[in-house]
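Following: one structure in C-alpha coordinates, then a few remarks.
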Amino acid sequence: MTVSIILLLLVLIACGLPLFFSIGISSMVYFYMADINLALMGQRMSGAVDSFLILAIPFFFLAGELMNACKLTDRIINLARAFVGHIDGGLAQVNIFASLIFSGMSGSPTADTTALGSVLIPAMKREGYPAPFSAAVTVASSMVGPMVPPSVALVIYGTLADVSIGRLLLAGILPGVVIVGTQMVFTYFYARHKKFPKYERASMEEACTAVKQGGAALLFPIIIVGGILGGIFSPTEAAAVAVLYALCLGFIYKNVSLKDITDAIIKTGLGSARILAIISVASTFSWIMVREGVPLAIASAISNISDDPTIVFFLIVAMLLVVGLLMVASSAEIVLTPILVPVILQFGIDPVHFGVLMVFTLIIGGATPPVGVLMFIAQDIAEISHGKMVKAMLPYYLPIFIAVVLLVMFPQISLFLPNLVFGS
(Lines give C-alpha, C1' and ligand atoms only; values in the text may rest on other atoms or scores of the structure.)
Protein backbone atom coordinates (compact mmCIF):
# COMPACT_ATOMS: atom_id res chain seq x y z
CA MET A 1 0.00 0.00 0.00
CA THR A 2 2.88 2.36 0.80
CA VAL A 3 4.40 1.81 -2.64
CA SER A 4 1.02 2.48 -4.26
CA ILE A 5 0.60 5.76 -2.38
CA ILE A 6 4.11 6.95 -3.29
CA LEU A 7 3.59 6.01 -6.94
CA LEU A 8 0.25 7.83 -6.94
CA LEU A 9 1.96 10.94 -5.57
CA LEU A 10 4.68 10.81 -8.24
CA VAL A 11 2.13 10.30 -11.03
CA LEU A 12 0.01 13.25 -9.85
CA ILE A 13 3.10 15.49 -9.66
CA ALA A 14 4.23 14.32 -13.12
CA CYS A 15 0.77 15.20 -14.49
CA GLY A 16 1.31 18.79 -13.35
CA LEU A 17 -1.14 18.80 -10.45
CA PRO A 18 -0.13 21.35 -7.77
CA LEU A 19 1.83 19.78 -4.93
CA PHE A 20 -0.86 20.61 -2.35
CA PHE A 21 -3.47 18.58 -4.26
CA SER A 22 -1.01 15.82 -5.17
CA ILE A 23 -0.07 15.20 -1.54
CA GLY A 24 -3.63 15.76 -0.30
CA ILE A 25 -5.21 13.30 -2.71
CA SER A 26 -2.53 10.67 -2.03
CA SER A 27 -3.07 11.04 1.71
CA MET A 28 -6.85 10.79 1.36
CA VAL A 29 -6.52 7.61 -0.70
CA TYR A 30 -4.32 6.10 2.03
CA PHE A 31 -6.84 7.01 4.74
CA TYR A 32 -9.58 5.38 2.67
CA MET A 33 -7.55 2.22 1.95
CA ALA A 34 -6.45 1.90 5.60
CA ASP A 35 -10.02 2.56 6.82
CA ILE A 36 -8.94 5.54 8.97
CA ASN A 37 -11.42 8.30 9.83
CA LEU A 38 -10.76 11.32 7.59
CA ALA A 39 -11.33 13.58 10.60
CA LEU A 40 -7.83 12.60 11.74
CA MET A 41 -6.38 14.01 8.52
CA GLY A 42 -8.10 17.34 9.17
CA GLN A 43 -6.75 17.41 12.70
CA ARG A 44 -3.20 16.74 11.55
CA MET A 45 -3.43 19.39 8.82
CA SER A 46 -4.67 22.08 11.20
CA GLY A 47 -2.27 21.05 13.95
CA ALA A 48 0.72 21.33 11.61
CA VAL A 49 0.20 25.07 11.06
CA ASP A 50 -1.35 25.95 14.44
CA SER A 51 1.95 27.17 15.87
CA PHE A 52 3.30 30.51 17.11
CA LEU A 53 6.72 29.63 15.69
CA ILE A 54 5.35 29.15 12.20
CA LEU A 55 4.21 32.80 12.16
CA ALA A 56 7.86 33.64 11.53
CA ILE A 57 7.46 32.41 7.95
CA PRO A 58 4.99 35.08 6.71
CA PHE A 59 6.77 37.79 8.72
CA PHE A 60 10.15 36.95 7.18
CA PHE A 61 8.48 36.81 3.75
CA LEU A 62 7.04 40.29 4.31
CA ALA A 63 10.32 41.69 5.66
CA GLY A 64 12.14 40.49 2.54
CA GLU A 65 9.54 41.98 0.21
CA LEU A 66 9.68 45.33 2.02
CA MET A 67 13.49 45.39 1.96
CA ASN A 68 13.37 44.79 -1.79
CA ALA A 69 10.87 47.65 -2.08
CA CYS A 70 13.39 49.93 -0.31
CA LYS A 71 15.50 49.79 -3.48
CA LEU A 72 18.77 49.06 -1.68
CA THR A 73 20.20 47.15 -4.64
CA ASP A 74 22.41 50.00 -5.92
CA ARG A 75 23.71 50.70 -2.40
CA ILE A 76 24.60 47.01 -1.95
CA ILE A 77 26.41 46.90 -5.31
CA ASN A 78 28.43 50.02 -4.44
CA LEU A 79 29.34 48.48 -1.08
CA ALA A 80 30.46 45.25 -2.74
CA ARG A 81 32.42 47.17 -5.36
CA ALA A 82 34.32 49.07 -2.66
CA PHE A 83 35.36 45.80 -0.98
CA VAL A 84 36.06 43.38 -3.85
CA GLY A 85 35.89 45.32 -7.13
CA HIS A 86 39.70 45.46 -7.37
CA ILE A 87 40.02 41.64 -7.44
CA ASP A 88 40.46 39.95 -10.82
CA GLY A 89 37.00 39.55 -12.28
CA GLY A 90 35.92 42.97 -11.07
CA LEU A 91 32.19 43.19 -11.57
CA ALA A 92 31.80 39.39 -11.41
CA GLN A 93 33.35 39.45 -7.93
CA VAL A 94 31.00 42.31 -7.03
CA ASN A 95 28.10 40.18 -8.21
CA ILE A 96 29.09 37.30 -5.91
CA PHE A 97 29.84 39.45 -2.85
CA ALA A 98 26.68 41.50 -3.34
CA SER A 99 24.67 38.26 -3.19
CA LEU A 100 26.08 37.56 0.25
CA ILE A 101 24.93 40.98 1.47
CA PHE A 102 21.59 40.79 -0.34
CA SER A 103 20.88 37.36 1.15
CA GLY A 104 20.85 39.04 4.55
CA MET A 105 17.88 41.08 3.32
CA SER A 106 15.74 38.65 1.40
CA GLY A 107 16.88 35.12 2.21
CA SER A 108 15.63 34.13 -1.24
CA PRO A 109 17.71 33.00 -4.26
CA THR A 110 14.88 33.99 -6.60
CA ALA A 111 14.79 37.55 -5.25
CA ASP A 112 18.60 37.68 -5.44
CA THR A 113 18.69 36.58 -9.08
CA THR A 114 15.90 38.97 -10.06
CA ALA A 115 16.98 42.08 -8.14
CA LEU A 116 20.77 41.90 -8.57
CA GLY A 117 20.61 40.27 -11.98
CA SER A 118 18.43 43.00 -13.45
CA VAL A 119 21.14 45.54 -12.54
CA LEU A 120 24.40 43.60 -12.76
CA ILE A 121 23.88 41.43 -15.84
CA PRO A 122 23.32 44.46 -18.17
CA ALA A 123 26.21 46.27 -16.43
CA MET A 124 28.55 43.30 -16.96
CA LYS A 125 27.54 43.08 -20.61
CA ARG A 126 28.33 46.78 -21.04
CA GLU A 127 31.79 46.25 -19.55
CA GLY A 128 32.59 43.48 -22.01
CA TYR A 129 31.71 40.36 -20.06
CA PRO A 130 30.00 37.63 -22.15
CA ALA A 131 26.25 37.56 -21.54
CA PRO A 132 26.19 33.80 -20.69
CA PHE A 133 29.00 34.23 -18.15
CA SER A 134 27.23 37.21 -16.57
CA ALA A 135 24.06 35.16 -16.17
CA ALA A 136 25.93 32.13 -14.82
CA VAL A 137 27.71 34.17 -12.11
CA THR A 138 24.38 35.65 -11.05
CA VAL A 139 22.70 32.25 -10.78
CA ALA A 140 25.58 30.59 -8.94
CA SER A 141 26.03 33.40 -6.42
CA SER A 142 22.30 33.62 -5.67
CA MET A 143 22.41 30.15 -4.10
CA VAL A 144 23.81 31.72 -0.93
CA GLY A 145 20.37 33.34 -0.46
CA PRO A 146 18.79 30.79 1.92
CA MET A 147 21.93 30.40 4.06
CA VAL A 148 22.26 33.81 5.71
CA PRO A 149 19.61 35.11 8.16
CA PRO A 150 16.78 35.77 7.66
CA SER A 151 16.26 32.41 5.94
CA VAL A 152 12.69 31.24 5.45
CA ALA A 153 14.01 27.85 4.28
CA LEU A 154 15.87 27.29 7.56
CA VAL A 155 12.85 28.44 9.58
CA ILE A 156 10.68 25.91 7.71
CA TYR A 157 13.22 23.15 8.34
CA GLY A 158 13.51 24.04 12.02
CA THR A 159 9.73 24.03 12.41
CA LEU A 160 9.31 20.64 10.73
CA ALA A 161 12.35 19.01 12.35
CA ASP A 162 11.76 20.52 15.80
CA VAL A 163 15.24 22.09 15.79
CA SER A 164 16.24 25.40 17.40
CA ILE A 165 15.69 28.25 14.93
CA GLY A 166 18.39 30.30 16.63
CA ARG A 167 20.95 27.53 16.09
CA LEU A 168 19.92 27.11 12.47
CA LEU A 169 20.16 30.82 11.66
CA LEU A 170 23.67 30.92 13.13
CA ALA A 171 24.61 27.64 11.43
CA GLY A 172 23.99 29.06 7.96
CA ILE A 173 26.39 32.00 8.25
CA LEU A 174 29.79 30.30 7.84
CA PRO A 175 28.53 27.90 5.13
CA GLY A 176 27.30 30.99 3.28
CA VAL A 177 30.82 32.43 3.50
CA VAL A 178 32.26 29.12 2.23
CA ILE A 179 29.86 29.07 -0.73
CA VAL A 180 30.75 32.64 -1.66
CA GLY A 181 34.47 32.05 -1.03
CA THR A 182 34.72 29.03 -3.35
CA GLN A 183 32.96 30.96 -6.11
CA MET A 184 35.17 34.02 -5.69
CA VAL A 185 38.34 31.92 -5.83
CA PHE A 186 37.10 30.14 -8.95
CA THR A 187 36.11 33.45 -10.58
CA TYR A 188 39.55 34.90 -9.76
CA PHE A 189 41.38 32.23 -11.77
CA TYR A 190 38.73 32.12 -14.50
CA ALA A 191 38.89 35.91 -14.90
CA ARG A 192 42.69 35.91 -15.07
CA HIS A 193 42.53 33.27 -17.79
CA LYS A 194 39.91 35.21 -19.76
CA LYS A 195 41.55 38.60 -18.98
CA PHE A 196 38.34 40.14 -17.66
CA PRO A 197 38.61 43.74 -16.39
CA LYS A 198 38.77 44.89 -12.78
CA TYR A 199 38.40 48.19 -10.92
CA GLU A 200 40.97 50.31 -9.13
CA ARG A 201 41.14 49.69 -5.40
CA ALA A 202 38.69 51.94 -3.58
CA SER A 203 40.13 54.68 -1.38
CA MET A 204 39.39 54.76 2.34
CA GLU A 205 37.00 57.66 1.78
CA GLU A 206 35.11 55.77 -0.95
CA ALA A 207 34.91 52.66 1.23
CA CYS A 208 33.55 54.63 4.20
CA THR A 209 30.94 56.29 1.97
CA ALA A 210 29.86 52.90 0.59
CA VAL A 211 29.56 51.45 4.10
CA LYS A 212 27.55 54.47 5.24
CA GLN A 213 25.13 54.14 2.31
CA GLY A 214 24.81 50.34 2.41
CA GLY A 215 25.11 49.82 6.15
CA ALA A 216 21.35 49.46 6.56
CA ALA A 217 21.45 46.19 4.62
CA LEU A 218 24.31 44.89 6.80
CA LEU A 219 22.39 45.69 9.99
CA PHE A 220 19.35 43.68 8.93
CA PRO A 221 20.65 40.15 9.74
CA ILE A 222 22.62 41.48 12.72
CA ILE A 223 19.46 42.82 14.36
CA ILE A 224 17.62 39.53 13.79
CA VAL A 225 20.35 37.18 15.01
CA GLY A 226 21.54 39.51 17.77
CA GLY A 227 18.02 39.92 19.14
CA ILE A 228 17.41 36.16 19.21
CA LEU A 229 20.77 35.35 20.80
CA GLY A 230 20.43 38.17 23.31
CA GLY A 231 17.10 36.80 24.46
CA ILE A 232 15.39 40.06 23.49
CA PHE A 233 12.85 38.33 21.30
CA SER A 234 11.88 34.91 19.95
CA PRO A 235 12.36 33.94 16.26
CA THR A 236 8.75 34.91 15.51
CA GLU A 237 9.13 38.24 17.30
CA ALA A 238 12.43 38.75 15.46
CA ALA A 239 10.58 38.35 12.17
CA ALA A 240 8.04 40.98 13.25
CA VAL A 241 10.88 43.33 14.25
CA ALA A 242 12.42 42.74 10.81
CA VAL A 243 9.19 43.94 9.20
CA LEU A 244 9.23 47.06 11.40
CA TYR A 245 12.88 47.72 10.52
CA ALA A 246 12.13 47.39 6.80
CA LEU A 247 9.20 49.81 7.12
CA CYS A 248 11.39 52.31 9.00
CA LEU A 249 14.02 52.16 6.23
CA GLY A 250 11.33 52.80 3.64
CA PHE A 251 10.16 55.91 5.47
CA ILE A 252 13.73 57.12 6.08
CA TYR A 253 14.73 56.74 2.43
CA LYS A 254 11.27 57.94 1.31
CA ASN A 255 11.19 55.41 -1.53
CA VAL A 256 8.44 53.03 -0.37
CA SER A 257 4.91 53.98 -1.36
CA LEU A 258 1.61 52.70 -0.03
CA LYS A 259 1.29 50.70 -3.27
CA ASP A 260 4.67 49.04 -2.58
CA ILE A 261 3.52 48.05 0.90
CA THR A 262 0.21 46.74 -0.45
CA ASP A 263 1.98 44.73 -3.16
CA ALA A 264 4.39 43.32 -0.58
CA ILE A 265 1.50 42.23 1.66
CA ILE A 266 -0.30 40.58 -1.27
CA LYS A 267 2.84 38.70 -2.36
CA THR A 268 3.45 37.65 1.23
CA GLY A 269 -0.12 36.43 1.62
CA LEU A 270 0.03 34.35 -1.56
CA GLY A 271 3.49 32.96 -0.83
CA SER A 272 2.70 32.15 2.79
CA ALA A 273 -0.60 30.51 1.86
CA ARG A 274 1.17 28.26 -0.63
CA ILE A 275 3.89 27.24 1.86
CA LEU A 276 1.55 26.73 4.81
CA ALA A 277 -0.93 24.75 2.70
CA ILE A 278 1.84 22.40 1.58
CA ILE A 279 3.12 22.10 5.17
CA SER A 280 -0.36 21.10 6.36
CA VAL A 281 -0.79 18.23 3.88
CA ALA A 282 2.90 17.26 4.00
CA SER A 283 2.56 16.80 7.76
CA THR A 284 -0.20 14.25 7.14
CA PHE A 285 1.80 12.51 4.40
CA SER A 286 4.85 12.35 6.68
CA TRP A 287 2.70 10.79 9.42
CA ILE A 288 1.64 8.15 6.90
CA MET A 289 5.27 7.45 5.96
CA VAL A 290 6.29 7.10 9.61
CA ARG A 291 3.26 4.90 10.33
CA GLU A 292 4.28 2.61 7.46
CA GLY A 293 7.91 2.53 8.62
CA VAL A 294 9.42 4.28 5.58
CA PRO A 295 12.18 6.12 7.55
CA LEU A 296 13.22 2.82 9.13
CA ALA A 297 13.24 1.16 5.70
CA ILE A 298 15.42 3.95 4.29
CA ALA A 299 17.80 3.72 7.25
CA SER A 300 18.00 -0.06 6.84
CA ALA A 301 18.69 0.23 3.11
CA ILE A 302 21.43 2.80 3.70
CA SER A 303 23.00 0.77 6.53
CA ASN A 304 23.32 -2.16 4.12
CA ILE A 305 25.63 0.05 2.07
CA SER A 306 27.56 1.66 4.93
CA ASP A 307 27.31 2.60 8.59
CA ASP A 308 29.83 5.42 8.26
CA PRO A 309 28.00 8.74 8.95
CA THR A 310 30.02 10.62 6.31
CA ILE A 311 29.27 8.09 3.58
CA VAL A 312 25.61 8.04 4.66
CA PHE A 313 25.55 11.83 4.47
CA PHE A 314 26.96 11.79 0.94
CA LEU A 315 24.36 9.21 -0.11
CA ILE A 316 21.54 11.37 1.24
CA VAL A 317 23.01 14.49 -0.39
CA ALA A 318 23.16 12.63 -3.72
CA MET A 319 19.49 11.71 -3.31
CA LEU A 320 18.62 15.33 -2.49
CA LEU A 321 20.47 16.52 -5.59
CA VAL A 322 18.33 14.22 -7.74
CA VAL A 323 15.15 15.40 -6.00
CA GLY A 324 16.23 19.02 -6.51
CA LEU A 325 16.46 18.41 -10.25
CA LEU A 326 12.78 17.48 -10.36
CA MET A 327 11.06 19.49 -7.61
CA VAL A 328 11.00 23.08 -6.38
CA ALA A 329 13.31 23.33 -3.37
CA SER A 330 10.74 24.60 -0.86
CA SER A 331 8.26 21.85 -1.73
CA ALA A 332 10.89 19.11 -1.58
CA GLU A 333 12.11 20.40 1.78
CA ILE A 334 8.62 20.33 3.30
CA VAL A 335 7.93 16.78 2.09
CA LEU A 336 11.31 15.23 2.90
CA THR A 337 12.32 16.85 6.20
CA PRO A 338 9.99 14.82 8.48
CA ILE A 339 10.99 11.63 6.64
CA LEU A 340 14.77 12.12 6.57
CA VAL A 341 15.39 13.63 10.02
CA PRO A 342 14.63 10.32 11.83
CA VAL A 343 17.00 8.62 9.38
CA ILE A 344 19.96 10.93 9.97
CA LEU A 345 19.46 10.79 13.74
CA GLN A 346 19.94 7.00 13.61
CA PHE A 347 23.37 7.54 12.10
CA GLY A 348 24.40 10.23 14.58
CA ILE A 349 24.27 13.13 12.10
CA ASP A 350 23.58 16.48 13.75
CA PRO A 351 20.14 17.76 12.62
CA VAL A 352 21.37 21.38 12.54
CA HIS A 353 24.26 20.45 10.25
CA PHE A 354 21.93 18.34 8.12
CA GLY A 355 19.40 21.18 7.83
CA VAL A 356 21.98 23.56 6.40
CA LEU A 357 23.17 20.98 3.85
CA MET A 358 19.63 19.98 2.93
CA VAL A 359 18.61 23.56 2.18
CA PHE A 360 21.73 24.25 0.11
CA THR A 361 21.61 20.94 -1.79
CA LEU A 362 17.96 21.38 -2.79
CA ILE A 363 18.64 24.97 -3.91
CA ILE A 364 21.24 23.65 -6.38
CA GLY A 365 18.28 22.26 -8.34
CA GLY A 366 17.30 25.84 -9.14
CA ALA A 367 20.54 26.17 -11.07
CA THR A 368 20.26 22.90 -12.98
CA PRO A 369 17.94 21.68 -15.73
CA PRO A 370 15.16 20.70 -16.15
CA VAL A 371 13.51 22.77 -13.36
CA GLY A 372 16.23 25.44 -13.05
CA VAL A 373 14.01 28.38 -12.09
CA LEU A 374 17.01 30.61 -11.39
CA MET A 375 18.47 29.83 -14.81
CA PHE A 376 15.27 30.84 -16.60
CA ILE A 377 15.19 34.17 -14.76
CA ALA A 378 18.84 34.96 -15.54
CA GLN A 379 18.70 33.91 -19.19
CA ASP A 380 15.67 36.17 -19.76
CA ILE A 381 17.53 39.14 -18.26
CA ALA A 382 20.69 38.33 -20.25
CA GLU A 383 18.62 37.66 -23.41
CA ILE A 384 20.35 34.37 -24.22
CA SER A 385 19.12 30.90 -25.16
CA HIS A 386 18.67 28.11 -22.64
CA GLY A 387 21.44 26.12 -24.30
CA LYS A 388 23.95 28.94 -23.78
CA MET A 389 22.77 29.34 -20.20
CA VAL A 390 23.34 25.67 -19.40
CA LYS A 391 26.77 25.67 -21.09
CA ALA A 392 27.84 28.77 -19.14
CA MET A 393 26.74 27.18 -15.84
CA LEU A 394 28.89 24.05 -16.30
CA PRO A 395 32.16 25.58 -14.95
CA TYR A 396 30.36 26.96 -11.89
CA TYR A 397 29.19 23.50 -10.83
CA LEU A 398 32.82 22.92 -9.76
CA PRO A 399 32.90 25.47 -6.89
CA ILE A 400 29.36 24.45 -5.93
CA PHE A 401 30.46 20.80 -5.72
CA ILE A 402 33.55 21.77 -3.71
CA ALA A 403 31.37 23.74 -1.28
CA VAL A 404 29.06 20.74 -0.77
CA VAL A 405 32.01 18.40 -0.11
CA LEU A 406 33.59 20.83 2.36
CA LEU A 407 30.33 21.29 4.25
CA VAL A 408 29.74 17.54 4.50
CA MET A 409 33.32 16.68 5.47
CA PHE A 410 33.71 19.44 8.06
CA PRO A 411 30.56 19.71 10.21
CA GLN A 412 32.20 22.39 12.36
CA ILE A 413 31.76 24.88 9.54
CA SER A 414 28.04 24.72 10.28
CA LEU A 415 28.23 23.96 14.00
CA PHE A 416 31.00 26.29 15.17
CA LEU A 417 28.87 29.40 15.73
CA PRO A 418 25.83 27.58 17.24
CA ASN A 419 28.10 25.64 19.61
CA LEU A 420 30.04 28.78 20.49
CA VAL A 421 26.89 30.68 21.45
CA PHE A 422 24.56 27.97 22.75
CA GLY A 423 27.09 25.33 23.80
CA SER A 424 27.60 21.93 22.20
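The values are calculated or read from the model by the stated rules, or taken from the named source; none is laboratory data. All of these numbers come straight from a predicted model, not from anything done at the bench. Reconstructed Cβ throughout: ideal geometry from the backbone, glycine too, with neighbour counts over all protein chains shown. Just the protein is used for accessible areas: all its heavy atoms, side chains included, with ligands, DNA and RNA removed. Shrake-Rupley method; radii C 1.70, N 1.55, O 1.52, S 1.80 Å.
Report in % the part of the accessible area of the stretch 291-365 that belongs to carbon and sulfur, leaving out ligands and nucleic acids; probe 1.4 Å. Solvent-exposed carbon and sulfur of the stretch 291-365 make up 68 percent of the total. Full extension of the chain between ALA318 and LYS212 yields a length gain of 33.9 nm, computed as 0.36 nm times the residue separation minus the alpha carbon distance. Axis angle, to the nearest 10 degrees, between helix 38-49 and the longest C-alpha principal axis of the chain: 30 degrees.
Exposed loop sites here mean trypsin sites (Lys or Arg not before Pro) with a DSSP loop assignment and at most 16 other beta-carbon atoms within 10 Å; the chain contains its longest site-free run at 255-424. Measuring nothing but protein heavy atoms, the accessible surface of the stretch 1-75 at 1.4 Å probe radius is 69 percent carbon and sulfur.
Computed over the chain, relative contact order equals 25 percent, with contacts defined as Cα pairs under 8 Å that lie 6+ residues apart. Listed values [x] 1.00; [y] 0.97; [z] 0.95 include one computed from this model; for Rg/Rh (Cα atoms, Kirkwood Rh) that value carries the label [y]. Surface composition of the stretch 205-252: carbon and sulfur atoms hold 72% of the protein heavy-atom accessible area at a 1.4 Å probe.
Farthest toward the positive end of the dipole of the chain, out of MET1, GLY117, PRO150, is the Cα of GLY117, where the dipole comes from beta carbon charges about the Cα centre. Subtracting the Cα-Cα distance of ILE265 and PHE410 from their residue separation scaled by 0.36 nm leaves 48.2 nm. Helix 131-142 versus the longest principal axis of the chain: what is the Cα-based angle in degrees, 0 to 90, to the nearest 10? Rounded to the nearest ten degrees, it is 60.
Based only on the alpha carbon positions, what is the Kirkwood hydrodynamic radius of the stretch 20-74, in angstrom?
14.2 Å
With the dipole of the chain worked out from charges on the C-beta (+1 for Lys and Arg, -1 for Asp and Glu) around the Cα centre, which of ILE316, SER331, TYR129 lies farthest toward the positive end? Checked the options; the winner is TYR129. Over the stretch 307-392, accessible surface divided per residue gives 36 Å², non-protein components excluded, 1.4 Å probe. Note on LEU258 and SER385: their simple-model spin labels are 5.0 nm apart, each label 7 Å out from Cα toward Cβ. Compared with the dominant principal axis of the Cα atoms in the chain, helix 329-346 is inclined by about 60°. Please build a GNM for the chain, connecting alpha carbons under 10 Å apart, and tell me which residue among ILE156, ILE349, ILE400 fluctuates the most. It is ILE349.
Here the dipole of the chain is about 960 debye; that uses its Cα centre as origin and unit charges on the Cβ of Lys and Arg (positive) and Asp and Glu (negative). Mean residue ellipticity, 222 nm, helices only, the chain: the sum of -39500 (n - 2.57) across DSSP H runs of n ≥ 4, divided by residue count and rounded to 500, is -26000 deg cm²/dmol. Comparing mean-square fluctuations of MET33, MET184, MET389 from a GNM of the chain with C-alpha springs under 10 Å, the top value falls on MET33. The stretch 190-240 and the stretch 304-319 have Cα centres lying 36 Å from one another.
Less than 5 angstrom separates the built amide H of GLU292 from none of the residues sequence-distant by 5 or more or on a different chain.
If the segment from VAL373 to MET1 were pulled out straight at 0.36 nm per residue, it would be longer than the present Cα-Cα gap by 130.5 nm.
When only Cα pairs below 8 angstrom with a gap of at least 6 residues are kept, the stretch 1-145 shows a relative contact order of 18 percent. Rolling a 1.4 Å probe over the protein heavy atoms gives the stretch 161-271 an accessible area of 54 Å² per residue. In this rough spin-label picture, where each label sits 7 Å from Cα along the Cβ direction, the PHE31-LEU229 distance is 4.4 nm. As an equivalent ellipsoid, the stretch 224-375 spans semi-axes of 36, 19, 16 angstrom, where each value is the square root of five times an eigenvalue of the C-alpha gyration tensor, largest first.
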